[in-house]
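Step one of this worksheet: look at the structure below.
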Amino acid sequence: MTVAIDRATGKRRGDRAPRPGLGRRLKRGYEKHWYAYAMIAPVAIVLGVLVLYPLVYGLYLTLTDANSLNTARTIGVNHIDATYKFIGLDNYKDILFGPTSYDRFWSHFIWTIVWTALCVALHYTIGLALALLLNQKLRGRTFYRLILILPWAVPTFVTVFGWRFMLADSGIINSALHALHLPAPSWLEDTFWQRFAAIMVNTWCGVPFMMVSLLGGLQSINSSLYEAAEMDGANSWQRFRYVTLPGLRSVSSTVVLLGIIWTFNQFAVIFLLFGNTASDAQILVTWAYYLGFGQQPRDFAQSAAYGILLLAILIVFTSFYRRWLNRNEQQLAI
């Protein structure tokens, strides 16, 4: 084998030039893409102030014993300096393995998982059923779409307050049950009915988004696939199983992931429906709020630790969920 050597430099032809250092690469990238950096700088600054700084500060608080009694505060003209101290991972140890860990964390964690699974399952099932219905050629289909999307268009606090009034002891729901001589549940007092009411209200709020997303996915499926399946003798169930569901796979995976994240962190429905009461119906995010702002003394450190744990749970779940989807896609491709 013959190797050509450049006589001027003494280097072999085809050799790559040495990679420039990090500083030179950054300088070259800035000179080439300075306009793009200038355009994204305002967004990066806003995200840093609104997201990155609170996240870093919250992580720092989890390593302290900060509460409303030992943080810096001003009372009248008197300023009181902070006296909280660094305690390492004691907050996480107390939350996960402390003597009251089940009542303060694990019971709420189990209920949050059940709440998320039931709500997302109902969102997807009812949303898919309505999307299939609205995808048909029906008279007044536009009117039905408008009516069914209203719960999503109305602000959440208006919807939840409306349900709170209806679920009260003297509300329209219990009045109707009394008129039919049926037992009227204590929707806002009994633990089982509190959880049932929370799932019902969140389903009402979340179904329209799932319906609209799945309806868009249905309309993107090639109609020739249904025609070919019908010509092969496939019945309605077989067309749904082998054409509709595979055609909705990409849309379904995305909306289910979004639904899980949103429902897992659904603060508005639980808080506006029950406030700081109904401790057994509180999910992790509302329980973290209660620890930090709904009790005295307010435990900022443990509330922040709950927030970090929530973030960690969602990151782990999302990574496993994406891996599972990728594995299924690879198996289908084979």
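The table below lists the values:
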item: Residue within the range 47-63 that is part of a loop (DSSP other than H, G, I, E, B), surrounded by 11 or more Cβ atoms within 10 Å (Cβ to Cβ) and within 28 Å of the chain's Cα centre (by Cα) present; result: yes
item: Positions within the range 63-106 being closer than 16 Å to Arg298 by Cβ, small (Gly, Ala, Ser) and at pLDDT 90 or above, in sequence order; result: Ala66
item: Ser223 vs. criteria of a type in the set (Ser, Thr, Tyr), out of contact with any Gly (no Cβ under 8 Å at 6 or more places or on another chain) and open to solvent by 20 Å² or more (accessible area, probe 1.4 Å); result: yes
item: Residues that are touching a Ser or Thr at 6+ places or on another chain (Cβ under 8 Å) and either open to solvent by 60 Å² or more (accessible area, probe 1.4 Å) or part of a loop (DSSP other than H, G, I, E, B) (or both), drawn from the range 84-102; result: Tyr84, Lys85, Phe86, Ile87
item: Filter pass, Arg145 being open to solvent by 60 Å² or more (accessible area, probe 1.4 Å), in a helix (DSSP H, G or I) and of a type in the set (Lys, Arg); result: yes
item: Among (1) within 31 Å of the chain's Cα centre (by Cα); (2) over 26 Å from Phe267 (Cβ atoms); (3) modelled with pLDDT of 90 or more; (4) loosely packed, with under 12 Cβ neighbours inside 10 Å, the one test that Ala129 misses; result: (4)
item: All positions within the range 34-64 that are of a type in the set (Ser, Thr, Tyr) and over 23 Å from Ala288 (Cα atoms); result: Tyr35, Tyr37
item: Residue among Thr244, Thr254 that is assigned to a helix (DSSP H, G or I) and closer than 20 Å to Trp324 by Cα; result: Thr254
item: Tally, over the range 148-158, of residues that are within 17 Å of Leu214 (Cα to Cα) and either in contact with a Lys or Arg (Cβ under 7 Å, 6 or more places away or on another chain) or surrounded by 13 or more Cβ atoms within 10 Å (Cβ to Cβ) (or both); result: 4
item: Selection status of Pro185, of a type outside the set (Ser, Thr, Tyr), open to solvent by less than 100 Å² (accessible area, probe 1.4 Å) and outside any helix (DSSP H, G or I); result: yes
item: Every residue from the range 276-302 that is among the small types (Gly, Ala, Ser) and open to solvent by less than 20 Å² (accessible area, probe 1.4 Å); result: Ala278, Ala281, Ala288, Gly292, Ala301
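The values are calculated or read from the model by the stated rules, or taken from the named source; none is laboratory data. Remember, it's a predicted structure, so these values are computed and weren't measured experimentally. With ideal geometry, Cβ positions are generated from the backbone for all residues, glycine too; neighbour counts draw on all protein chains shown. Surface accessibility is based on the protein's heavy atoms, side chains included, excluding ligands, DNA and RNA. Shrake-Rupley method; radii C 1.70, N 1.55, O 1.52, S 1.80 Å.
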